[in-house]
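J.: Take a look at this one; I'll ask things after.
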Amino acid sequence: MQDIWIVQMRKKLLERLDGLGALFPYLVLLRCRVEFLRRDERGDVAEKVVVVALFVAAAVALGYIIYGKVVAAANGINL
């Protein structure tokens, strides 16, 4: 199925890019490879989990900083 997609993409590129001489086959292969890699979504879940974990860690750290400042301000109040 991927081979059919590559052939279709190559035909589209042949129609759009005419007269590039010796560079044309390489440009076609490069374009097909880029499109194939762009559609490949393997590993996206792991990347998103890492990003979410970093945001959670940043939120927890920020919470501790705010908590520390509030407690320090509360302890500084003389009753």
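The numbers here are math on the coordinates, done by the rules we state, and not lab data. Just so it is clear, the structure is predicted and the values come from calculations on it, not from any experiment. In this analysis, Cβ positions are derived from the backbone assuming ideal geometry, glycine residues included, and neighbour counts consider all displayed protein chains.
J.: Scan segment 27-79 for residues that are under 30 Å from Met9 (Cβ atoms) and not β-branched (Val, Ile, Thr) and report the count.
T.: The qualifying residues number 19.
Listed here are the residues, each with its yes/no results for (1) surrounded by 10 or more Cβ atoms within 10 Å (Cβ to Cβ); (2) out of contact with any helix residue (DSSP H, G or I) (no Cβ under 7 Å at 6 or more places or on another chain).
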{"site": "Glu35", "(1), (2)": "yes, no"}
{"site": "Arg39", "(1), (2)": "no, yes"}
{"site": "Val45", "(1), (2)": "no, yes"}
{"site": "Lys48", "(1), (2)": "yes, yes"}
{"site": "Ala57", "(1), (2)": "yes, yes"}
{"site": "Leu62", "(1), (2)": "yes, yes"}
{"site": "Val70", "(1), (2)": "yes, yes"}
{"site": "Asn75", "(1), (2)": "no, yes"}
{"site": "Leu79", "(1), (2)": "no, yes"}
